[in-house]
Structure formats: C-alpha cells, structure tokens
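Contents: one structure, followed by commentary.
Every number in this text was worked out from the coordinates using simple rules, so none of it is lab data. Model, not experiment: these values are computed from the prediction. Glycine also receives a Cβ, built like all others from the backbone with ideal geometry; neighbour counts cover every protein chain displayed.
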There are 2 protein chains.
Amino acid sequence: MSTPDPRGLGPGAMLGILGGGQLARMMALAAADLGIRTHVFAPDADSPAFDIAARHTIGAYEDEAALASFADAVDLVTYEFENVPHATAAFLAARTPLHPGARALALTQDRLSEKSFVAGLGLAVAPFRAVDSLADLERAVAELGRPSVLKTRRFGYDGKGQVKIAPDTDLAEAYEAIGHFPAILEGFVAFSREVSVVAARNADSAFAAFDVCENEHRDHILAFTHVPARLGAATAAAAIEAARKIGEALGYIGVFAVEMFVVGEGEREEVIVNEIAPRVHNSGHWTSEGAETSQFHQHVRAVCGLPLGSTTRRGIVEMENLIGEAALRWREILAEPGAHLHLYGKRDARPGRKMGHVTRLKAER
Amino acid sequence: MSTPDPRGLGPGAMLGILGGGQLARMMALAAADLGIRTHVFAPDADSPAFDIAARHTIGAYEDEAALASFADAVDLVTYEFENVPHATAAFLAARTPLHPGARALALTQDRLSEKSFVAGLGLAVAPFRAVDSLADLERAVAELGRPSVLKTRRFGYDGKGQVKIAPDTDLAEAYEAIGHFPAILEGFVAFSREVSVVAARNADSAFAAFDVCENEHRDHILAFTHVPARLGAATAAAAIEAARKIGEALGYIGVFAVEMFVVGEGEREEVIVNEIAPRVHNSGHWTSEGAETSQFHQHVRAVCGLPLGSTTRRGIVEMENLIGEAALRWREILAEPGAHLHLYGKRDARPGRKMGHVTRLKAER
C-alpha cells in the first residue's frame, strides 16, 4: 500500500488500470496531462480506453499469468469498476500497490456489508434487512412494509438485480426474479431528490470533495447531473461530512462517490446514504469543465500520492449523459455555445449504452 | 481538400498527425475527447505522442511506402510542425485530405515569400531585403541600417539560423554563420512587446480568434504568455483583423498563430506582423484551461470540418513553459492553487527542451 517514491508517482510512471471503458479512458487522458503513462487491462479487444493507453493487455480478470505480467509492468494499479473480483484484487495487491484498496472493494461489493458499515458510522441509511430465503423476505416485508426494494447483495448496478416490492407483488416471484441470491430488502424512502458527493482522499489523509450534485435518472440510468444541488447549506455540508467520514473509515485512497437521497424539507431536510462507489463516477463527469480539477485528474493525483487539486466549481453546471442514439446529436452539440462534448469512442450506439456526455456551463447567478 | 462526409469527420474517424512531439500529443488528447482516433507518424521511436495515439508509425518523412500506408489508414492528415518537407506534403495531399494545405506550408517555410505575402495584404511588416550573396547583404545593410537581423529563408526556429547584425558585426562572418543559405535581412523594429494571435478557420470560412496574448521569451524560447496582452482595444482588434486577413488569403483550414511586434504608444500604437505558424502554437497553450475551447480542440474541429468552438477567455491567464529542469518542479506546481500542470511525457529534462507547461488562472479584475 505504499508507492516506491515517497514523493508519489510522477512523470514517466506507468499507471495500471483495470477495466477499459469510458472511466478508464478518461483516467488515461488525465494521467497523460501529468506525463503519467497508462497500461489498461481489460478482457474486451474493443475497449475504448485502449486507444488512449500507452500499453494494453487483453485478458480475463481471472488470468493470473496475464495479471502477473501486468503487475510487473506497472508502478501501481487502479480500476474503473467496483466489481473487480476479490481474487483479482488480492492477486494484484500482493504484487503492486492497489488503490483504492481491497477493503473498499470488498465492502462495496456487498450491499449488506456496505449498509451495515455506513450505519455503523452513525450515518442515516434506509432501513434494511438481510434476505437469505423466502421466509426472510416475508418477515422483512412484514417489518419494513411496502413499497420496498429487494436487491441482490452483490453485483447489481444501473437497476439490474433488483425488484420493487409493490402492494401487489408476489414475494415468491420476486425472490425468483433475483435468482435466489443472497439479498437485502430496503425500506421505502420518500426522497425528494437524489444527490451525490464525489470526493477524493490521498495517502496523506487529505480530503477534498466537489460540490454536491443532483442526479436525474431515467430508466435507472443517470440522465442529467445538476450542480449545485438544490439543497440547504447545512444539508450540503452534512452530505460532504458523511463522505469524509466514509473515506476516513475506509482509509480510502482515490476518488469515490457517495449517492444519497434527500428527505424532508427546510430545517428537517437531511440526506440518507444510498450507495458508495469506490471509483470515479458518472455523477462526477460535470467536473471535467465544471471544476478546477476534474475527478479524473483528482483520482490520478490521489492514487499516485500527489497533492489533491482544487475542487472549486466554475459556475452553474449541467451534465447530460448521451445514451444510445442521443450521441448522434454530436454535431449539434459541437455547435452549441457553452457546451463541451465528450465522446467515448464506442462504435455502436446501442440503446442504453453510455456513448458520451456533455457538460454545459453557465455563469453563477 | 474535401472531407468524405459533408458534415465533417466525426466520431470513429481516424485523424493522421505528422510529427510526434507535444503538439501532436495534445492534439491527440483533444481528438480523443471528441471520440476521434489518431494515428501519429514520426521518425523517432520515443515520440511523446505515441503514448496517446491509437496507432503510430515510426517512419522517415521521406519514406513513401510508409507514408502511403499511413495515408490509406487515416481519413485526414494534419501536422504539428511547419517544416513538413514539400514532397511529403504533396505525396500525402494526393492521397488524402491535408489540412492545413500545402500552400500554407510552402509560404511559411520561406521567410521571403511569407513577408512578401503579408506585406501584399497591406499589413505592416518589418522592412526586409532578400539576401542571396555577400554583396546583397552589404547593400541590404546599407539600406536598412544596423542593428538588423540576417535570417535564413528556410527552416529556422527558436532563434536558430539567424544572426544579429550589430554595429561591429563583420558581414562576411555573419553570412558565413548562416551557412551561405538564401536569406533575408530584416530591419530593426523598436518594439515594446511581442504578442500573438492564435486563431482558427474551417472549411466553411468560419473564423474565430482567441484573445491576443503577450509573449515573454528567454534565450529565444517562449518562457511566459500573459493574456490579455497589454494592448489598446483598437490595436487588439487590428491584430485580430490582421490574422483574419491572413487566414482568408491563405484559404486556411486549422489553427494558426501570427506573431507580432507592438510598436508606438497610445494613439500611435500598432502591430507589425513578424511570423505566421501554420499550426497550433506554444503561445496558444494558455487556452487549455484559459479559454472555453483549447487551441487543440479548435484545431481538431477545424481540420475535421466541424463547427468552431467558443474562444471566450475564462479569466486573467498566465502560461509558463517548463524548460529543461524547470519541469522537476512538477510536484510544487501540483500543490499550487489555480495552477494546471501539463507534462509531455518526455524522458530527459535536457536544457532548452520543452518538457511541459503550466497555466495559471486568476479571476478577471
């Protein structure tokens, strides 16, 4: 967990990245600004990040020979996705520094551990119950009521691996639908909006959060982020403090996101922690032009043991995800004043696929 | 000179870049933001741009077989340096669109043609005379006086290929020093400062200039750029109009820079055109964070037939070149609020070598 040079990895270093999607690609672009080269490891020969990386390895995450060569060729490994298999993380961590560390991965890969951890820090979370059987589910629904949400403990994202328990939902069917996997039931939270805190922490325990942003989902996929979030100053400060506590308790190194629900109003407004993502995050894409330092630059700084950059916001910011064919509007967007287009170099604009994003900046009112 | 798609080259296109230095590298980074892949052609296996490009070819600019494969593999060729050999440009232009075009190259490779062209547009230039012999030089010095500067017509940059003719300079020695090459003598201009206009023009004849910047050289190498330049509003407008005229007369496509001297004061302040660079330019590096669109993004937009981006400046900007060992200050710079570090991935910090740059932003006063 230490870098070879106590001053941090600098120019000429080789940063290893697991995963070859848009997050890895934007990390590689940020690393390049700092003179740091990247080696991307991903199973898919068509990975968008390969086009930017100095080196790449096409390999399965279970291929120990490929992982060993990769570890030998880099100074440090980071990743773009939280579902890095435990064995992969452990194998790499034994050979080279891995940031964020295996603990953050293990914890956030299991909704039950994650929720228990957050609750243990004294932070508000939705009521939850472990569900390992249909009987557990029946008891949990009796306790938490309907509506509620049944989620697999592991490997769910963007709305996959979860079922809403509505007043008329048959519990046996719901349990069937998530494949009988270990799960949790989460009680309904009457939230007014979803926000997130994207923050960074480095090996010197420095912490820096970007302004709280507000997220608008469509079909369980992030569609827009608006910054700043419509939130009282005290609530915004509490949200950032929650992220700080989480980062500190994890001994976290890198950028992470904490998704939260906003409940109540006025004096009673508060945030409820929903999920931790141990990586750069779609809800932080607005920082590319919207903040002094982008989340990608910040992540590279944090994992390489460098000083964190300023998180000062540059104005009122909107980030729009370009999903599927929305990316075909690229030329219009290029002609739009104040719009900054980012495309990920993916070949097919399949429905639901994140093809790019746009950030739009307006001067502060 | 036309692109295959009348809407311009878009996502997935392959942009060819001649030259593998920092300018090519930053173009490749900008292209990546727009989902455009790059193929860099350069003779040096250690080229900094190779680390960013999806493809690269190590080849001599005279290697026609390598150039032909390169031309076949890309949708368009651009370049990072003005000294592309004429035969190389012609060979490529016969096979694929080349932007900026061969005319801009030919003109700016010859100081005599360049000065005559600019003067022909009715723009102010320093007095000059062609020098093809020692007798020419003697006559020219008699006419333009001392001090003056003897420069080779072709292939000089950063102070190479030029000799100052001081009161005590022996003319035969001076002519010897520049190797008896065809040359021009330029009369002395008592300028108060050097400024440049970095601007872009696309195939639709759209023109967009960044704000005039002021350049501070040390040892004939750009050390600092300050934006805005200390210049009257009318003079700044005249400087931009001069660039517009030059771009239009060349039918130019891409980003270019016009270096100018400022003479006179107050009502009598004016700019004198010194040099045209048919490429992105060191004096435009401040745009990376200092303007809404960086010169690299703007160049990619222009050569790919896309709408030009906004050139709005984001504040008071300073760009510092990191020359040689100055780049060893990278960690300090990373810790400096408001500073944005760019390193070029060059391995050896040799004296005089451009290793990176920093942009510093301050709010408008």
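Summary table
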{"item": "Selection count where residues are of a type in the set (A, V, I, L, M, F, W, C) and in contact with a His (Cβ under 6 Å, 6 or more places away or on another chain), scope region A:74-108", "result": "1"}
{"item": "Residues within region B:342-354 that are of a type in the set (A, V, I, L, M) and either more than 8 Å from chain A (Cβ to nearest Cβ) or in contact with an Asp or Glu (Cβ under 7 Å, 6 or more places away or on another chain) (or both), tallied", "result": "1"}
{"item": "Yes/no for B:VAL255 being surrounded by 21 or more Cβ atoms within 10 Å (Cβ to Cβ), free of Cβ contacts under 8 Å to residues at least 60 places away in the same chain and of a type in the set (Val, Ile, Thr)", "result": "yes"}
{"item": "Set A:ALA209, A:ALA174, A:ALA199, A:ALA166: member being out of contact with any helix residue (DSSP H, G or I) (no Cβ under 8 Å at 6 or more places or on another chain) and aliphatic (A, V, I, L, M)", "result": "A:ALA166"}
{"item": "Breaking point among (1) within 12 Å of chain B (Cβ to nearest Cβ); (2) closer than 17 Å to A:MET26 by Cβ, for A:GLY338", "result": "(2)"}
{"item": "Strands (runs of 3 or more DSSP E) wholly inside region A:132-229 that include at least 2 residues being not small (Gly, Ala, Ser)", "result": "A:148-152, A:162-165, A:183-187, A:193-201, A:213-218, A:221-227"}
{"item": "Listing of helices (runs of 4 or more DSSP H) fully contained in region A:267-365 that carry 3 or more residues being touching a residue at least 40 places away in the same chain (Cβ under 8 Å)", "result": "A:287-290, A:295-303"}
{"item": "Residue in region B:345-353 that is within 22 Å of the chain's Cα centre (by Cα) and buried (at least 18 other Cβ atoms within 10 Å of the Cβ) present", "result": "yes"}
{"item": "Residue within region A:304-312 that is β-branched (Val, Ile, Thr), more than 8 Å from chain B (Cβ to nearest Cβ) and crowded, with 21+ Cβ neighbours inside 10 Å present", "result": "no"}
